[in-house]
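Quick notes on the structure that follows.
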Amino acid sequence: MIENSLPGILYHMIGELTSNPVGFLFWVIALVIAITIHEFAHAWAAERLGDPTPRLMGRLTLNPLAHLDPLGTIMLLIARFGWGKPVQFDPFNLRHPRRDSAIISLAGPVSNLILATICSISLRFLISYSFIGLFVYWIIGLLQSLIVLNVVLAVFNLIPIHPLDGFKIVGGVLPEEYAHQWAELEGYGMIFLIILILPLGGGASPISQLISPVINVLLSIFLPSMRYI
C-alpha cells in the first residue's frame, strides 16, 4: 500500500530503485511527463487568454527541461518533496484578470486528469489482449504509473493553499469583495502548506488525510479493481 500523497508516491519510487529498477524508471518517466504536461497547460492557457509571458519565457513547450526545476527535482528524489518550475504570467495582459487567472491555474490539474483518462483507456485496451508480451507488460506498467501520478498531482494542486493552483481558482470564483480578503492569505500559504504536509505523530499528514478519499475514488475509476494507495 502506498501512502496517498505525492511524498508517499515518491517514497515508493525510492524503494523501487533497489528492488525494482525498471519500476523505478517507470515512476521517474511518469513524474517527468506529469509535471511537463501540467506546466505546459498553464502556459498554453495563458497564451490563449492573451498573455504572451510564458511563451516569451520559453515555457510554451513540451520540452521537460523548460519545466523541471533542478533543485525541486533533486528534492523530489531525496526528500520526497519537490516542485516544478512555476509558470509565470502577467494578469494585466488578461481581459478578465481574476477569472482568467483561475482558468490558467485550473488548466494544470485538468491536463493531468485528461492524460490520466487517455492512459486509462489505453490500459484497458492493452489488458484486453489474451497474450501480453514483455514490451506490452512494460507499457502497462508505465501507464499505471502515469495514471497514479497524474491523479495525485491533479488532486494535490487543487488544494486551495498558495502556491498550489487551488488558491487562484478559489480567488477567481469568489465575489470581488471576498476575493480581496482571500488574496491577503497568499503570504501565509507556504506556512500552511508545510504544516499540513508534516505527519502527525508519525502517521499520515493532514494533507494526506484530506486528499485520500478523492484520490482513491478517482483511481477506482481509472484503475478498476486495482488499489495503489
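The values are calculated or read from the model by the stated rules, or taken from the named source; none is laboratory data. Every value quoted in this text rests on a predicted model; they were computed, and no experiment measured them. A quick note on method: Cβ atoms are made from the backbone with ideal geometry, for glycine too, and the neighbour counts reach across all protein chains shown. The accessibility values were calculated without ligands, DNA or RNA, using every heavy atom of the protein model including side chains. Shrake-Rupley method; radii C 1.70, N 1.55, O 1.52, S 1.80 Å.
Suppose accessible area is computed on protein heavy atoms with a 1.4 Å probe; arrange ARG95, ARG59, ARG124 from highest to lowest.
ARG95, ARG124, ARG59
Panel note: the C-alpha atoms of segment 132-229, placed on their principal axes, show extents of 59, 34, 20 Å (largest first). Rounded to the nearest 0.05, what FRET efficiency do TRP182 and ILE114 give with R0 = 35 Å and r taken as the Cβ-Cβ distance? Could you check? So, using R0 = 35 Å, E works out to roughly 0.80.
Take the Cα of ILE159, step 7 Å toward its Cβ, do the same at LEU174, and the gap between the two points is 1.9 nm.
A crude spin-label estimate for the pair SER122 and LEU196, with each label 7 Å from Cα along the Cβ direction, gives 3.1 nm.
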